[in-house]
Structure formats: structure tokens, C-alpha cells
Amino acid sequence: MTQPPPRGACPVDLHYADPELRMLDLGRIVTRGRRLRRRRLEVNLAAGIMACAAAVSVALGARDVLTAAGPAAQARATRAPVPVDALIATSPPANGKLTLVSTWPRHWTTVAWATRGSSVCFATYRVPAAGTQADVECPAWGPADLPAGGASGLSPLLPGIEPVAAARGRDIVPEFGLVTLRAARVVVTFFGRSFSAKVVPVPLPGGRVVGLYLAWVALPAHITSYGSADVNRVIGYDASGHVVARHGTSQAKAGRNRP
Amino acid sequence: MARQAELEEFTNFVVGAQSKMVRLAELLTGDRDRAEDLAQEGFARAFAAWRRVRTDPAAYVRRCIVNANNDWWRRRTWRERPHSTVPDRPDPADPPEQAAVARDAVLRALAKLTARERAVLALRFYMDLSEVQISAELGIARGTVKSTVARALGKLRADAGLRSEATS
């Protein structure tokens with residue numbers, strides 16, 4: 001009979017003997033490290049160029065780059081050290097502006113923009129930065145992914161979901177998508193729970209506009225992994241509560257619906 | 001010459017720390033191959049920032065591994081992961097396989113915890129870090145570390161599979 005471990009001790013032995021001790025490939029580590037070092041230098045250089053460009057545009061009287069937000073949120077996002085500068089420098093917004101999508105949860109900022117090629121990009125990041133808590137996708141959706149306002153009215157689900165933030169004691173992750181601008185609100189059902197998100201218009205080249213939603217969905221406490229199959233459905237509603245876009249299985253019939 | 005010295009210093013660090021870092025990653029991921037990938041990436045990042053992190057490179061690699069694991073499972077679990085081989089189940093009666101059996105039991109138990117619980121537990125009980133150090137490394141409050149440890153230990157103690165293995 002084995003003695004139970006004392007209270008406060010770990011009941012499993014994390015120092016178990018290693019059955020398959022293998023050495024890491026030092027050559028590959030060093031090569032990869034050198035490549036990372038080079039890339040960091042390039043990013044710093046691009047950020048420096050971007051900063052110079054920003055300074056010049058301010059000197060020339062350019063307006064704030066942010067739209068779709070109140071003055072307080074704009075000021076907060078503007079003074080934050082944006083970790084996506086380098087990316088924006090390489091894939092700049094077609095209209096020269098970022099769209100502020102959200103400043104929730106606390107410390108998190110999400111911006112989106114469309115490139116000249118009509119791809120849509122987003123960046124969500126924590127300010128102040130903590131670890132690698134940022135998610136930047138550019139392009140996140142190509143021109144072919146833009147919802148045409150047809151039967152679906154939604155972009156494909158984005159196959160990436162990070163980072164995790166904490167709110168009200170739960171781990172939450174952002175779920176992004178594009179939706180027809182007829183939708184005012186999108187409800188994402190994740191692990192059977194529904195999360196509502198407002199639709200933010202993102203300007204595209206040529207005067208067009210697409211809707212983008214960001215739903216911070218809560219991870220159930222017991223799960224250790226999840227996949228796109230766990231997003232049960234995504235439904236877009238117009239301002240009157242009518243279903244205008246739908247993705248995934250749903251019992252709800254098109255028409256008036258109040259989730 | 002300075003570069004050579006730097007490489008030598010880094011090599012010594014990798015040789016001394018790799019088994020611990022691979023184990024840390026394995027405790028987080030439950031998968032040996034992915035653990036080696038994460039550890040390798042962590043070391044590569046440390047090398048890239050060596051001048052900045054050389055005073056405490058182990059802390060930097062630990063942070064890289066924890067963060068990269070979070071990034072990895074958030075991204076990759078959206079896709080199926082193909083495996084080249086079908087895993088063999090070790091025979092518990094075979095002495096050379098006993099280590100593998102013990103490892104499988106630990107990893108199975110840890111798989112029932114959340115990512116944060118696994119990270120906190122591994123840092124506390126494998127890396128022997130204090131609550132203050134874990135709090136700093138994970139960027140969470142000390143109280144959260146404490147409560148997460150307590151919750152994770154509670155789950156492990158309540159694990160029926162572990163209890164039956166301990167008494168068998």
C-alpha cells in the first residue's frame with residue numbers, strides 16, 4: 001500500500017525517469033537563433049522607418065489614424081506602444097487608417113484594416129505587453145474570403161484563436177470573422193454557449209465596406225484543447241433582430257430571432 | 001572571438017539545461033515530439049537575445065516554452081495533427097517499459113488540467129520555483145498562482161485513475 005503524499009505535495013511524480021532521452025540539435029538551434037536575430041533587426045529597422053513616417057505625417061498635420069471609436073478610446077490606443085507597427089509598415093492600410101475594433105477586455109486593444117489588395121488584417125494585443133500576448137494576422141482574409149452578401153454572408157472561420165486573456169476569473173479567447181454589413185451584431189456559439197459581438201465596419205479600397213466582429217469567448221474550465229468544430233454556429237443579426245447571415249448548424253429559422 | 005565565446009557559453013547552457021526544459025515542455029504539452037520542438041524554439045530565442053538574457057537564460061527559455069505552448073495549442077488544435085506512427089501501448093510488466101508507464105500516467109493525469117494549471121504545477125513542482133517567481137514568469141498575481149496550484153492539486157488528488165494506480 002502506497003502512502004498518500006503529504007498535503008501540499010504533488011500527488012504525481014513529475015521527476016519520473018526519462019525513457020527516451022534525446023539530445024537537441026544544437027546546430028539547428030543556433031541557425032534558427034541567428035535567423036531570429038536577423039529578423040528582429042529587420043523589424044526594428046522597419047519600426048524605425050514607420051516611426052519617422054508617423055512623425056513626418058504629424059508634422060504635416062495628418063489626422064488621427066483611428067476611426068470607429070470614441071475620443072477616449074482613440075487617445076488610449078494612440079498613445080499605446082503599438083507592437084504591430086512593423087506589420088503595418090509592410091502591409092499598410094489602403095486608406096491610411098486603422099479601425100479600432102475593441103478595447104475590451106482591460107489592457108487589450110484590437111484594430112483592423114484593409115490592404116490595397118482588399119485583404120483584411122487584424123491585430124489584437126495587450127498594452128502593456130506581457131509575454132507573447134498578441135495575435136496579428138495579415139492577411140487574415142483574402143479578397144475571395146470577403147462575404148458577398150449571399151447565402152452565407154460570413155467569411156470562413158478563422159483557423160486560429162489566440163491569445164488568452166482573463167476576465168471575471170475565466171480564460172477568454174478572441175474569435176474574429178467578417179460578416180456582411182447588413183449585420184449589426186453576431187452571436188457566436190462556442191461549446192454550446194452564446195457570445196454576442198457588435199459588427200464594426202472596416203473600409204475596403206474602392207469605397208466598399210465590410211463588417212468585422214470580434215467575440216471574446218470563454219473557454220470552459222475543463223477543456224485542454226478545442227477546434228473549429230467547437231464553434232457550433234455563427235449567426236449575424238440586423239438591427240431589427242432578423243437573421244442575415246448564418247454559419248454552422250442551427251435550429252433557429254431565418255427571421256426574427258432574439259438570442 | 002567574442003562570438004566564439006558567446007557560442008561556447010550558449011552551448012554550455014543548452015547542454016546543461018536541455019533535459020529540464022524538454023521535460024518542462026513535455027509536462028505542458030503531453031507530447032514528446034512537440035516538447036522537443038518547443039524547447040528547441042525556446043533555446044533558439046534565447047540565443048537570438050543572448051546578450052540581453054545571459055544573466056538568467058533559463059528563466060527566458062521557460063517563459064518562451066510556456067508562451068509558445070499556449071500559442072501552439074491555441075493555433076494548432078484547429079487542425080488535425082497527423083502522426084506518422086501509431087503509438088504503441090507499453091506493457092507494464094516489461095521492466096524497461098516501466099519508465100514509459102510512469103510517464104504516461106503522469107501525462108494522462110496532467111492532461112485533465114487546464115493549460116495554466118499545468119504550467120503552474122510544472123514550474124512549482126518540477127522547476128521548484130517559488131510562487132513569487134511563477135507569478136513574475138507567468139505575469140499573474142501571486143494569489144492566482146496559489147489558488148491555481150491548490151485547484152490543480154485538488155484535481156489530481158481527486159483523480160480516480162491516479163488513486164487506483166497508487167494503490168495497485
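The values are calculated or read from the model by the stated rules, or taken from the named source; none is laboratory data. If you're wondering where the values come from, they're calculated on a predicted model, not measured in any experiment. Here the Cβ is made from the backbone with ideal geometry for all residues, glycine too, and neighbour counts use every protein chain on show.
What the table below lists for this structure:
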{"read-out": "Top-ranked residue in region B:103-130 [being more than 25 Å from A:ARG170 (Cα to Cα) and in contact with a helix residue (DSSP H, G or I) (Cβ under 7 Å, 6 or more places away or on another chain); ranked as farthest from the other protein chains (Cβ to nearest Cβ)]", "value": "B:MET127"}
{"read-out": "When residues of region B:16-34 are limited to those that are modelled with pLDDT under 90 and more than 9 Å from chain A (Cβ to nearest Cβ), the one surrounded by the most Cβ atoms within 10 Å (Cβ to Cβ)", "value": "B:THR29"}
{"read-out": "Verdict on A:SER152 being in contact with a strand residue (DSSP E or B) (Cβ under 8 Å, 6 or more places away or on another chain), modelled with pLDDT under 75, farther than 20 Å from A:LEU100 by Cα and among the polar types (S, T, N, Q)", "value": "yes"}
{"read-out": "Those residues of region A:26-43 which are facing chain B (nearest Cβ under 7 Å) and modelled with pLDDT of 80 or more, in sequence order", "value": "A:LEU26, A:ARG28, A:ILE29, A:VAL30, A:ARG32, A:GLY33, A:LEU36, A:ARG37"}
{"read-out": "Residue within region A:187-207 that is within 14 Å of chain B (Cβ to nearest Cβ) and at pLDDT 75 or above present", "value": "yes"}
{"read-out": "Which listed residue is under 26 Å from A:HIS107 (Cβ atoms) and surrounded by 20 or more Cβ atoms within 10 Å (Cβ to Cβ), from B:GLU131, B:GLU137", "value": "B:GLU137"}
{"read-out": "Matching residues in region A:222-253 - criterion: being exposed (fewer than 12 other Cβ atoms within 10 Å of the Cβ) and either modelled with pLDDT of 75 or more or over 21 Å from the mean Cα position of the chain (by Cα) (or both)", "value": "A:HIS222, A:ALA239, A:SER240, A:THR249, A:GLN251, A:LYS253"}
{"read-out": "Subset tally (residues that are more than 7 Å from chain A (Cβ to nearest Cβ) and surrounded by 18 or more Cβ atoms within 10 Å (Cβ to Cβ)) for region B:42-60", "value": "6"}
